[in-house]
1. Based on the Cβ-Cβ distance from residue 99 to residue 220, what FRET efficiency comes out when R0 is 35 Å, to the nearest 0.05?
2. Give the lysines reachable from residue 168 as a straight Cα distance under 25 Å; neighbours fewer than 8 places away on the same chain don't count.
3. Using protein chains only and a probe of 1.4 angstrom, how many square angstrom of residue 235 are accessible, to the nearest 10?
4. Leaving out ligands and nucleic acids, and using a 1.4 Å probe, what accessible area per residue does the stretch 201-273 come to in Å²?
5. Compute the length gained on full extension between residue 295 and residue 389: take 0.36 nm times their separation in residues and subtract their Cα-Cα distance, giving the result in nm to one decimal.
6. Provide the FRET efficiency to the nearest 0.05 for the residue 128-residue 77 pair, computing r from the beta carbons and using R0 = 56 Å.
7. Please arrange 107, 374 by accessible surface area, largest first, computed with a 1.4 Å probe and ligands excluded.
8. State, to one decimal in nm, how far the label point of residue 51 lies from the label point of residue 320, with both points 7 Å from Cα in the Cβ direction.
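The values are calculated or read from the model by the stated rules, or taken from the named source; none is laboratory data. Keep in mind that what you see is a predicted model, and the values were worked out from it rather than measured. Note that each Cβ is placed from the backbone with ideal geometry, even for glycine, and that neighbours are counted across all protein chains shown. The area values use the complete protein model at the heavy-atom level, side chains included, leaving out ligands, DNA and RNA. Shrake-Rupley method; radii C 1.70, N 1.55, O 1.52, S 1.80 Å.
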Amino acid sequence: MRKRRFLKTSAAGALALTLLFGTQLPVPSAWHNLVQQPVAHAEGTDAKQADLNLQAAAGLLMDVKTGQILWQKNMDAKRYPASVTKIMTMLLIYDAVDKGEKTWDDIVPVSKNAYGTEGSSVWLDPSEKWTLREMLEFIAIPSANDACVATSEFIAGSEEAFVARMNKKAQELGMTGTHFADTNGLHHPDHYTTAHDIALMARELLTKHPEILEITKIQSKMIRNNTFKLENTNHVLGHYEGLDGLKTGFTDEAGYNLAGTAERDGFRILSIELGAPNDAARVDDTIRILDYGFTNFTEQTVATKGEAAPEKATIPNGKEEEIDAVLDQDLIVALKNDQKGELTKKVTFDEVEAPVKKGQKLGKLEVMQDGKVIATGNLVAKQDVEEGSWIRLMFRGIGHFFGNLFSAIGDGIAGLFD
């Protein structure tokens with residue numbers, strides 16, 4: 001405790017002592033608190049992975065709420081995504097609507113370029129009029145390549161410009177093993193990704209726009225005055241409890257891919273598999289991955305919104321020098337049922353000076369496992385803090401100085417008797 005008070009000698013105290021004694025004392029740099037508190041255990045990506053006997057070349061299981069990777073197989077291996085690409089296309093459609101660039105009721109023109117797209121499943125015609133929302137359905141349900149091209153041209157002016165947005169978004173999401181060359185996943189040697197990167201963009205879509213699941217769970221739908229049937233390419237739908245998405249993909253070069261997601265009792269998980277040999281294996285692999293998640297993991301709240309950090313935040317120039325910092329959200333992690341061990345909590349405070357407003361960010365609380373962060377929440381001020389007067393800060397600094405001085409003397413005397 002004595003050492004902690006020494007670290008908090010303020011700039012005002014140093015100034016006051018300079019005025020009193022004519023000696024400039026060094027002002028300590030910003031300090032960080034580190035508090036470790038055991039709470040529970042969860043399996044990490046470095047742990048020995050269960051053998052799920054997948055037929056796919058690569059796979060991954062992620063907790064959507066936290067982003068924790070609960071299981072993986074070759075998750076960083078570069079693979080061809082095929083139509084799983086369309087997760088990014090759908091994400092950017094939502095982005096365009098959110099930014100006010102487009103509305104869901106806008107009519108999307110079908111260009112000759114889109115009309116001639118390879119692998120069409122809706123067979124869009126330039127004479128037809130479809131809304132942006134309908135185009136999203138065509139992309140999500142039957143995986144329409146022509147709808148991807150038409151929509152990308154409508155939003156960005158050209159498919160090439162839209163692809164540039166896709167690659168920019170991938171960088172923003174930390175998708176370091178990905179490069180897109182088209183909007184729909186038709187094979188291109190420079191169009192690749194990883195299971196981990198697919199999970200990152202899928203989680204972004206699911207957390208920012210969960211309403212997409214109202215579309216991806218549709219198994220079939222009639223259009224064109226009930227003369228044309230849209231069939232969902234995800235054949236796990238209807239055969240697995242809680243499954244409501246997300247996107248399949250297939251080319252000869254990629255094999256059979258699937259990003260699947262299911263929710264049970266509020267616990268949503270995401271499975272990725274790449275390179276299965278056929279559709280039956282793709283379905284079986286997805287079920288194996290999801291079963292592993294629901295059987296072996298449960299979610300646990302390890303810190304609650306409004307909970308105070310173990311250490312107070314220091315406001316060196318504030319009227320109050322120390323205040324409570326509280327969480328702005330619940331922190332939830334997925335924990336493996338049959339393992340023992342510990343998680344740790346790490347508190348880090350930013351350099352903050354008064355005035356401080358209630359709710360202002362002061363730092364963060366991280367939940368860590370095996371040295372890796374698996375959940376993070378902001379720590380915010382529980383109260384307003386006014387700037388302290390110069391006289392208050394001066395006497396505070398003097399108090400710290402003499403407190404530290406006497407502590408040092410006391411420690412020295414005690415040391416003589418050790």
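1. Numbers: r = 32 Å, r/R0 = 0.92.
That gives a FRET efficiency of 0.60.
2. Answer for residue 168, where 25 Å is the Cα cut-off: 65, 78, 86, 99, 102, 208, 247, listed by chain and number.
3. 100 Å²
4. On the way: 3200 Å² over 73 residues.
Spelled out: the 1.4 Å probe surface of the stretch 201-273, per residue, equals 44 Å².
5. Numbers: separation 94, 0.36 × 94 = 33.84 nm, distance 5.92 nm.
Here the answer is 27.9 nm.
6. So, using R0 = 56 Å, E works out to roughly 0.85.
7. Details: 107 80, 374 25 Å².
Accessible-area ranking of 107, 374, largest first: 107, 374.
8. That separation, rounded to one decimal, is 5.9 nm.
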